[in-house]
Amino acid sequence: MSDEPPRSQDSTGSRKIPGPRRPRRVKLADGRELTLRAVRVSDASEIHQAFERLSPASRLTRFLHHKKSLSAEMVERGVRPRPGYSFVLVATVPADDGIDIVGAAQYQPLGVAGEQDRPPGEDARGEEGVANDARPASCEFAITVAEDWRGSGLARRLLASLVDRARRDGYTTIEGLVSAENVAMLALARRLKFTPHYSPEGGNAVVVRRRLVRD
């Protein structure tokens, strides 16, 4: 059962933006527990800390290039997803300073020029919260899991949640760019009904893609 409120429609049947995702306490396959919830603006500092805890190898696997730091602008965009267009889910556990983010997953419209340059907080909604449908039918996902939480089942939870949310947002296809060396992620994608494709960008990457609507 979904942990999100039902998506409403107006009297014309126009697509409405799904309501806010409620925080959910989950127990993973290895017995550990955490909270899954939508990202908050107040998570910015925790996102920086989570990135700093990643090893260089993990950063390469996630970003497909050597990334030394996250810019303030990138984090600001990340904590302000556009309703109906993009979504960011975080996995949190209690910590001395409040929480630690041990996993994150997101999607955004695929191939939209300038999408990441939209001013923070600018909304994708029109009148009465109806999403603007002038956007691609496909979205692109990315997932990050802290190194000591790998093998716990967290990545599966995150990706399955993204698939469900992207479908509710009206996307027809979801895809992601995965390093060819990330065997665990490629295997997970196949288990969740993604199919691998040659990356048009070439290099050491594979596109995994899944349709969200029945043919």
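The values are calculated or read from the model by the stated rules, or taken from the named source; none is laboratory data. Here the structure is a predicted model, which means the values were calculated and not measured. Cβ: placed from backbone, ideal geometry, glycine included. Neighbour counts: every protein chain shown. For accessibility, only protein heavy atoms count, side chains too; no ligands or nucleic acids. Shrake-Rupley method; radii C 1.70, N 1.55, O 1.52, S 1.80 Å.
Things to note:
- Neighbour net charge for residue 175 - beta-carbon separation under 9 angstrom, K R +1, D E -1: +1
- For residue 52, the solvent-accessible surface computed with a 1.4 Å probe is close to 110 Å², ligands and nucleic acids excluded.
- For the range 71-112, the solvent-accessible area of protein heavy atoms averages 39 Å² per residue (probe radius 1.4 Å; ligands and nucleic acids excluded).
- Fraction of accessible area attributable to carbon and sulfur, the range 149-215 (%, probe 1.4 Å): 51
- Pairwise FRET efficiency - residue 66 versus residue 24, Cβ, R0 = 41 Å, nearest 0.05: 0.75
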